[in-house]
1. Look at GLU239 and say whether it is open to solvent by less than 50 Å² (accessible area, probe 1.4 Å), charged (D, E, K, R) and under 15 Å from ALA221 (Cβ atoms).
2. Exactly one condition in (1) assigned to a loop (DSSP other than H, G, I, E, B); (2) modelled with pLDDT of 90 or more is false for VAL85; which is it?
3. On the given criteria, is THR109 at pLDDT below 90 and within 21 Å of the chain's Cα centre (by Cα)?
4. Out of SER157, SER138, which single residue is at negative phi, in the same structural domain as GLU92 (by the TED database) and over 22 Å from the mean Cα position of the chain (by Cα)?
5. Give the stretch 164-220 a look and list any residue that's small (Gly, Ala, Ser) and in contact with a helix residue (DSSP H, G or I) (Cβ under 6 Å, 6 or more places away or on another chain), or say none.
6. Being touching a Ser or Thr at 6+ places or on another chain (Cβ under 9 Å), in contact (Cβ under 8 Å) with a residue 24 or more places away in the chain and crowded, with 21+ Cβ neighbours inside 10 Å: is that true of GLU261 here?
7. Which residues, counting only those in the stretch 95-107, are at negative phi and either touching a Leu at 6+ places or on another chain (Cβ under 8 Å) or free of Cβ contacts under 8 Å to residues at least 40 places away in the same chain (or both)?
8. I'd like the full set of residues that are under 18 Å from the mean Cα position of the chain (by Cα), at negative phi and open to solvent by 10 Å² or more (accessible area, probe 1.4 Å), limited to the stretch 334-374.
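The values are calculated or read from the model by the stated rules, or taken from the named source; none is laboratory data. Here the structure is a predicted model, which is why all the values come from computation and not from measurement. Heads up, the Cβs are rebuilt from the backbone with ideal geometry, glycines too, and the neighbour counts pull from every protein chain shown. SASA here: full protein model, heavy atoms, side chains in, ligands and nucleic acids out. Shrake-Rupley method; radii C 1.70, N 1.55, O 1.52, S 1.80 Å.
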Amino acid sequence: MLRSTQQTTRDLRRHNRSALLSRLYLDGPGSRLELMQASGLSSATVSNVISDLISDGMVAEAGSVDSDGGRPRTLLQVRPDYGNVVGVDIGETHVQVGLFDCTLNTLDTATFPIADTKLDPEQVVQLVVQGIAAVTASTDAASLLGVGVGVPGAVLSDGLVHAPTLKWSGVPLVSMLRPLVDAPLYVDNCARTLGQAEMWRGAGRDASRAVIALLGVGVGAAVATGSDSYRSATSVTAEWGHTVVQVGGAACRCGSRGCLEAYVGAEAVLGRYGKDLSASDTESKMIELVGSSDPDAQRVVAETAEYLGIGISNLVNMLNPDKVVLSGWVSAVLGPSVLAAVRDAVKRHALPYLFAQTEIELGQLGNAEVALGAATLPVLQLLATGARPA
């Protein structure tokens, strides 16, 4: 009975720490009174937990605000310098590694093209390790809370990765990386982690249900649902890029025909243009194509906007999101010039009452957005446990 009581007390303490830490992290600075009202915990419990979090260096006082007729209330916030996290984006064109503080402010990034690796898993892993070493070279190893890795594919419970865009099938990525990474390691689908980052810090922050579309060489999406609880947004990934938008259409890498990815993925867009471009890599070619005055280039861009709008309208009709966020490097390159056309296409193809409830926006997280998404994985563990990883 004593052990059971001790276990219950420990679990309750961890839950309370997680609840208050998550509330401060996700909603920003707040007072003890606001935490008490939001959590339903007693004043004494909130005071005790906050004292522990301050003592542990996770939370600090951050000024004060006036109260209604009483003494000013002290604000509390999560300390950005409590620790650092690393996020790794294993993409189809590059490996990007970012170092972030505890509240996901960018401290450093390193990017490595992967064309020369031929997508060989061992060579990609070496680039990941090299990138982690580069961004953490001047930091204290003890400050590193963990490393999150985002991959464009499915990560199974046994650590095997299936990523068709990388031509990976059953790659034991977790077991390959773990001996080489001197920190807690987390690996997940990059669309899911990016969706979490957009819901925490980006365009999805005020959404109750958002679709985060990740556009690159491949095309994916995550359906993220906000929560009024102390937990983060929850999300599931969808193989949106392999929904058919043209019967008997262009061949897709998955073996089917007419998939959305075969019309809006970067290599598909460049292939449809079919003319030589002066740039040598895929991302630079896309930038050149979008900025070209060639009528054929403009036609391809307009077609891409139409197909993208059709794909989004399918999401709107099926999922009824209040927001669709276009993220990924192709969105950053293409989005500003086609967003109006994409919205128009969605309006024409989605049910009117559903379209009226849906905002379509570009992502807000910047060039390191996928690495930032991966960095949410160790932060999520911190929030879930209310303590530094053992």
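1. Judged against the criteria, GLU239 is not a match.
2. Going through (1) assigned to a loop (DSSP other than H, G, I, E, B); (2) modelled with pLDDT of 90 or more one by one, VAL85 breaks only (1).
3. In short, no.
4. After applying the criteria, what remains is SER138.
5. Matches in the stretch 164-220: ALA197, GLY204, GLY216, GLY218, GLY220.
6. Details: touching a Ser or Thr at 6+ places or on another chain (Cβ under 9 Å): yes; in contact (Cβ under 8 Å) with a residue 24 or more places away in the chain: yes; crowded, with 21+ Cβ neighbours inside 10 Å: yes.
It is true that GLU261 is touching a Ser or Thr at 6+ places or on another chain (Cβ under 9 Å), in contact (Cβ under 8 Å) with a residue 24 or more places away in the chain and crowded, with 21+ Cβ neighbours inside 10 Å.
7. Step one: filter the stretch 95-107 for residues at negative phi, giving 95-103, 105-107.
Of everything in the stretch 95-107, those that are at negative phi and either touching a Leu at 6+ places or on another chain (Cβ under 8 Å) or free of Cβ contacts under 8 Å to residues at least 40 places away in the same chain (or both) turn out to be VAL95, GLY98, LEU99, PHE100, ASP101, CYS102, ASN105, THR106, LEU107.
8. GLU361, LEU362, GLY363, GLN364, LEU365, ASN367, ALA368, GLU369, VAL370, LEU372
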